[in-house]
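Colleague: Take this structure, written in structure tokens, and hold onto it; I'll ask about it next.
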Ligand SMILES: Nc1ncnc2c1ncn2[C@@H]1O[C@H](COP(=O)(O)OP(=O)(O)O)[C@@H](O)[C@H]1O
Ligand SMILES: [Mg+2]
């Protein structure tokens, strides 16, 4: 059962967005996030929401999945709505006891909420339609220019990809050790924080020992297969832009231009 | 000159303290001489701690000799400029299937070696398809390695080595963590590679039955080579085997017991088939 856990939150489907090159999606997400921060009118927010709605429909990912990511930011969302709603000065709409709600307050609160929701959902669209592997590939390729300033882009991508491979294995191993310790009477549930932390020690030590052993063996195996860093490496499936990526780039730029025009023209 | 020449090979593990000062050293290999010929199928036997894994790692420049030399197709493993060439020609498969698979998709793992060697993508595609059908893993190319059995993972590891087009494959106890079916699969795959593709095989094992499938058996004990010959010759020398902490294959032992009990069997029976045919000829 634990073998089947997927990392990230990839949702397999056959859609236009799934077929896009990861670099296109990374770039598009970045532009979308930038454009969210350009929004300062109802029309601009309307355009951002409309774009998001179109992407959600194109992605063929069930809407429920889409908004799952929002749970993580629910508290942040509520706090930001709360402060904007009650602590913005301006034209008073109504007043209960000492709380005043202003017209500007309502507007800022709604905008803020829409911005946060669009931001998280927009990023989710990318992770839902891109496998962690191709996301890693995409990052390595699009951030390649950082090598100039000595950022070890290839190494970071390799580490991410190895982590993706070994996390399920280590999770399964944790489960095994936990069961073995429980069979000998260990208790991971009872007691306060200190007792629980203490109970974790016999779990963590064997896990660490095994993780280090695995790392050493993997390093030897990689060396034996001629691994010597990113230099001169080729790829079985090199990333290649297709026609849909070109179309997507045009649309992304068109969207950015539209958002800039709205910002300048609409007050 | 053989495919691999091992000359007066001695290796010490150096143990250092926190300040990088040499604390002590452990001798793991002591004056080993061995010539591996192209097309050989060698089984290396020896009890735990006898130096087998260390020996394997000397053959493709993962460890370098303290004294002596290892020559692979004439290239010295100490020559750093030839390192990739040596590793490409002498592939290694390790004991733990999980800890040698790098990628998250089977086909990408098989391609890992060629990727490091800078093989062009279309050539790489051809090799991946070819070697995956050689080891019988073609249907699994797009699967995650996490959902494979141990035997299947080892076959992926073998395919990953094959994709580099090596002359020789060194396998360090490849079946130790597998069930009987996985073990049989691996031995069959390895024998086929030797027979049909002419790839030189050096397989470390502690199963006598697996050693019987080889053309040549080398016994290592206490860091030295103690016996070297055909399986028949080596298994005939019970005394040396016992001294090295090894047993003869069960069927050889049975044949010996039957002979002692008065059945006139010939010497040097090492497989079940041989014993059966021998018993049949005695009956008629
Ligand atoms: N990394 C190491 N550091 C120090 N000593 C080692 C190391 N690896 C192996 N040894 C020692 O070298 C000897 C041979 O080990 P090894 O080659 O692993 O034997 P085998 O594979 O036959 O069990 C053993 O005595 C072992 O303790
Ligand atoms: Mg060993």
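The values are calculated or read from the model by the stated rules, or taken from the named source; none is laboratory data. Bear in mind the structure is a predicted one, so any value in this text is a computation, not a measurement. Note that we place each Cβ from the backbone using ideal geometry, even for glycine, and neighbour counts take in every protein chain shown.
Colleague: Please find, among B:82, B:16, B:47, the residue that is within 26 Å of residue B:245 (Cβ to Cβ) and in the same structural domain as residue B:117 (by TED's automatic domain parsing). First the steps, then the outcome.
Modeller: Working: B:82 fails: within 26 Å of residue B:245 (Cβ to Cβ); B:16 fails: within 26 Å of residue B:245 (Cβ to Cβ).
Matching residue, one of B:82, B:16, B:47: B:47.
Colleague: Looking at A:48, A:123, can you tell me which residue is closer than 28 Å to residue A:258 by Cα, in contact (Cβ under 8 Å) with a residue 60 or more places away in the chain and either surrounded by fewer than 16 Cβ atoms within 10 Å (Cβ to Cβ) or touching a strand residue (DSSP E or B) at 6+ places or on another chain (Cβ under 7 Å) (or both)?
Modeller: Working: A:48 fails: either surrounded by fewer than 16 Cβ atoms within 10 Å (Cβ to Cβ) or touching a strand residue (DSSP E or B) at 6+ places or on another chain (Cβ under 7 Å) (or both).
Exactly one of A:48, A:123 is closer than 28 Å to residue A:258 by Cα, in contact (Cβ under 8 Å) with a residue 60 or more places away in the chain and either surrounded by fewer than 16 Cβ atoms within 10 Å (Cβ to Cβ) or touching a strand residue (DSSP E or B) at 6+ places or on another chain (Cβ under 7 Å) (or both), namely A:123.
Colleague: Moving on to the next point. Considering each residue of region B:50-78, count those that are within 12 Å of ligand 1 (Cβ to nearest atom) and either within 14 Å of chain A (Cβ to nearest Cβ) or farther than 17 Å from residue B:218 by Cβ (or both), and give that number.
Modeller: Narrowing region B:50-78 to residues within 12 Å of ligand 1 (Cβ to nearest atom): B:50-58, B:62-63.
Subset that is either within 14 Å of chain A (Cβ to nearest Cβ) or farther than 17 Å from residue B:218 by Cβ (or both): B:53-54, B:56-58, B:62-63.
So the answer is 7.
Colleague: If you don't mind, there's one more thing I want to ask. Quick check on this structure: which one of A:195, A:219, A:211 is within 14 Å of chain B (Cβ to nearest Cβ) and more than 26 Å from residue B:142 (Cα to Cα)?
Modeller: Numbers: A:195 fails: within 14 Å of chain B (Cβ to nearest Cβ); A:219 fails: more than 26 Å from residue B:142 (Cα to Cα).
Answer to the selection: A:211.
Colleague: Could you tell me whether any residue of region A:232-239 is at positive phi, within 12 Å of chain B (Cβ to nearest Cβ) and without any contact (Cβ under 8 Å) to a residue 60 or more places away in the chain?
Modeller: yes
Colleague: Here's another thing I want to ask about it. Where residues in region B:197-218 are within 16 Å of ligand 2 (Cβ to nearest atom) and touching a residue at least 60 places away in the same chain (Cβ under 8 Å), which of them is surrounded by the fewest Cβ atoms within 10 Å (Cβ to Cβ)?
Modeller: First, pick out the residues of region B:197-218 that are within 16 Å of ligand 2 (Cβ to nearest atom): B:202-207, B:210-211, B:218.
Among the residues that remain, those that are also touching a residue at least 60 places away in the same chain (Cβ under 8 Å) are: B:202-206, B:210-211, B:218.
Working: B:202: 26, B:203: 27, B:204: 25, B:205: 24, B:206: 19, B:210: 23, B:211: 25, B:218: 24.
This residue is B:206.
Colleague: Another one. Would you mind finding the one in A:110, A:148, A:114, A:120 that is in a helix (DSSP H, G or I), closer than 17 Å to residue A:76 by Cα and over 20 Å from the mean Cα position of the chain (by Cα)? First the steps, then the outcome.
Modeller: On the way: A:148 fails: closer than 17 Å to residue A:76 by Cα; A:114 fails: over 20 Å from the mean Cα position of the chain (by Cα); A:120 fails: over 20 Å from the mean Cα position of the chain (by Cα).
Matching residue, one of A:110, A:148, A:114, A:120: A:110.
Colleague: Under the condition of being over 19 Å from residue B:176 (Cα atoms) and touching a residue at least 60 places away in the same chain (Cβ under 8 Å), which residue from region B:44-62 is nearest to ligand 2 (Cβ to nearest atom)? Before you say what the answer is, go through the steps one by one.
Modeller: The initial filter retains those residues of region B:44-62 that are over 19 Å from residue B:176 (Cα atoms), namely B:58-62.
Remaining after also requiring touching a residue at least 60 places away in the same chain (Cβ under 8 Å): B:59-60.
Working: B:59: 14, B:60: 16 Å.
Going through the qualifying residues, I end up with B:59.
Colleague: On to the next question. For residue B:239, are the conditions met, namely being over 28 Å from residue B:53 (Cα atoms) and out of contact with any helix residue (DSSP H, G or I) (no Cβ under 8 Å at 6 or more places or on another chain)? First the steps, then the outcome.
Modeller: Values: over 28 Å from residue B:53 (Cα atoms): no; out of contact with any helix residue (DSSP H, G or I) (no Cβ under 8 Å at 6 or more places or on another chain): yes.
Considered against the rule, which asks whether it is over 28 Å from residue B:53 (Cα atoms) and out of contact with any helix residue (DSSP H, G or I) (no Cβ under 8 Å at 6 or more places or on another chain), residue B:239 comes out as no.
Colleague: Still on this model: How many residues does region B:1-43 contain that are in contact (Cβ under 8 Å) with a residue 60 or more places away in the chain and more than 16 Å from ligand 1 (Cβ to nearest atom)? Walk me through how you get there before you give the answer.
Modeller: Taking region B:1-43 first, the residues in contact (Cβ under 8 Å) with a residue 60 or more places away in the chain are B:1, B:3-9, B:27-34, B:36-43.
Adding the requirement that they be more than 16 Å from ligand 1 (Cβ to nearest atom) leaves B:1, B:3-5, B:7-8, B:33, B:36-41.
Number of matching residues: 13.
Colleague: Scan region B:91-111 residue by residue and report those that are within 7 Å of chain A (Cβ to nearest Cβ), in a helix (DSSP H, G or I) and over 17 Å from residue A:217 (Cβ atoms).
Modeller: Matches in region B:91-111: B:107, B:108.
Colleague: Now for a different question. If only one of B:118, B:136, B:68 is under 21 Å from the mean Cα position of the chain (by Cα) and on the phi > 0 side of the Ramachandran plot, which one is it?
Modeller: Values: B:118 fails: under 21 Å from the mean Cα position of the chain (by Cα); B:68 fails: under 21 Å from the mean Cα position of the chain (by Cα).
Within the list B:118, B:136, B:68, the selection yields B:136.
Colleague: All but one of (1) at pLDDT 90 or above; (2) touching a helix residue (DSSP H, G or I) at 6+ places or on another chain (Cβ under 9 Å) hold for residue A:100, so report the exception by its number.
Modeller: For residue A:100, the exception is condition (1).
Colleague: Then there's this: Give A:248, A:215, A:219 a once-over and let me know the one that is modelled with pLDDT of 90 or more and assigned by TED's automatic domain parsing to the domain that holds residue A:41.
Modeller: Numbers: A:215 fails: assigned by TED's automatic domain parsing to the domain that holds residue A:41; A:219 fails: assigned by TED's automatic domain parsing to the domain that holds residue A:41.
Result of the check over A:248, A:215, A:219: A:248.
Colleague: Can you list the helices (runs of 4 or more DSSP H) lying wholly within region B:112-196 that have 2 or more residues being in contact (Cβ under 8 Å) with a residue 12 or more places away in the chain, touching a helix residue (DSSP H, G or I) at 6+ places or on another chain (Cβ under 7 Å) and more than 12 Å from chain A (Cβ to nearest Cβ)? Steps first, please.
Modeller: Values: elements: B:112-117, B:121-134, B:150-162, B:180-196.
Counting at least 2 such residues, we get B:121-134, B:150-162, B:180-196.
Colleague: Further question on the same structure: Please determine, by comparing only the residues of region B:11-49 that are in contact with a helix residue (DSSP H, G or I) (Cβ under 9 Å, 6 or more places away or on another chain), part of a loop (DSSP other than H, G, I, E, B) and over 14 Å from residue B:90 (Cβ atoms), which one is nearest to the other protein chains (Cβ to nearest Cβ).
Modeller: Among them, the one singled out is B:46.
Colleague: Of all the residues that make up region A:172-192, how many are touching a residue at least 24 places away in the same chain (Cβ under 8 Å) and either away from every other protein chain (no Cβ under 14 Å) or loosely packed, with under 14 Cβ neighbours inside 10 Å (or both)? Step through it out loud before you land on a result.
Modeller: First, the residues of region A:172-192 that are touching a residue at least 24 places away in the same chain (Cβ under 8 Å): A:172-175, A:177-178.
From what is left, the residues that are either away from every other protein chain (no Cβ under 14 Å) or loosely packed, with under 14 Cβ neighbours inside 10 Å (or both) are A:174-175, A:177-178.
Qualifying residue count for the region: 4.
Colleague: Which numbered condition trips up residue B:81, out of (1) within 13 Å of chain A (Cβ to nearest Cβ); (2) touching a strand residue (DSSP E or B) at 6+ places or on another chain (Cβ under 7 Å); (3) outside any loop (DSSP other than H, G, I, E, B)?
Modeller: Unmet for residue B:81, out of (1) within 13 Å of chain A (Cβ to nearest Cβ); (2) touching a strand residue (DSSP E or B) at 6+ places or on another chain (Cβ under 7 Å); (3) outside any loop (DSSP other than H, G, I, E, B): (2).
Colleague: Go through region A:60-103 and give me each residue that's buried (at least 16 other Cβ atoms within 10 Å of the Cβ) and over 24 Å from residue A:123 (Cβ atoms).
Modeller: Of everything in region A:60-103, those that are buried (at least 16 other Cβ atoms within 10 Å of the Cβ) and over 24 Å from residue A:123 (Cβ atoms) turn out to be A:85, A:88, A:100, A:101, A:102.
Colleague: Looking at region B:197-235 only, could you name the residues that are away from ligand 1 (no atom under 15 Å from the Cβ), outside any helix (DSSP H, G or I) and out of contact with any strand residue (DSSP E or B) (no Cβ under 7 Å at 6 or more places or on another chain)?
Modeller: B:197, B:198, B:213 - these are the residues of region B:197-235 that are away from ligand 1 (no atom under 15 Å from the Cβ), outside any helix (DSSP H, G or I) and out of contact with any strand residue (DSSP E or B) (no Cβ under 7 Å at 6 or more places or on another chain).
Colleague: Further question: I'm trying to understand the selection: among the residues of region B:79-99, which are within 16 Å of ligand 1 (Cβ to nearest atom) and in contact (Cβ under 8 Å) with a residue 24 or more places away in the chain?
Modeller: So the first thing to find is which residues in region B:79-99 are within 16 Å of ligand 1 (Cβ to nearest atom), and the list is B:92-96, B:99.
Hits for region B:79-99 are B:92, B:93, B:94, B:95, B:96.
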